[in-house]
Amino acid sequence: MSRLPDWLHPWRWYAARVIIEGLYRHLILREPARAISLRFGRIGSGEWRSLRRWRAQLLCSPTLWGWLGSRLGITEPAEDRKQGQRHLSRLLGEMRIAYESAATVVDELAAAVRQSLSGLVHNRRAAWPVVQFRPGNDSGSPSGTKPMVAPTEEDPVRGPPG
């Protein structure tokens, strides 16, 4: 088990802020993929295919805010830029980011992205708040029964006196 910082999206190479800012620049500001990739230090020729993949997976993939998709009315991957804009706009609205100016949005992204990931537990299929039991799993705890006694450092055989 690992506990990741809330700015790092699970199972992704890039930080969550980079993913959202890259999508914002690509889908909303219409910047070319090559310019965005250079901005984030990616050196290479050609298009940055991750942008297209992130656009399609946003709000549909459990590792890209998919747990919010159904609540925001998103059930299918974004097939084109226009759909990607709608998906990203809904996510930014959920994060309470207003379209005042590009500079304001980019400045607010870091905190908003961290907040959107804070307090969640992820696996490759779902995400849920850390304060809740995982959906659909019985804890198996027989409530009301006497808890098992665990060994102590002083007495590795017997637990604390009862």
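Placing one identical point scatterer on every Cα of segment 16-123 and ignoring solvent, what is log10 I(q)/I(0) from the Debye formula at q = 0.18 Å⁻¹? Ignoring solvent entirely, the Cα scatterers give -0.87. Taking label positions 7 Å along the Cα-Cβ direction at both Glu79 and Arg49, the computed distance is 2.1 nm, reported to one decimal. Under a Cβ-Cβ cut-off of 12 Å, what is the net charge of the residues other than Ser101 that fall near it, where Lys and Arg count +1 and Asp and Glu count -1? Local charge sum for Ser101: -3.
Read-outs throughout are calculated quantities, based only on the coordinates presented, and are distinct from any laboratory measurement. Just so we're clear, the structure is a prediction, and the values are computed from it rather than from any experiment. Cβ sites come from the backbone with ideal geometry, for glycine too, and all protein chains shown count toward neighbours.
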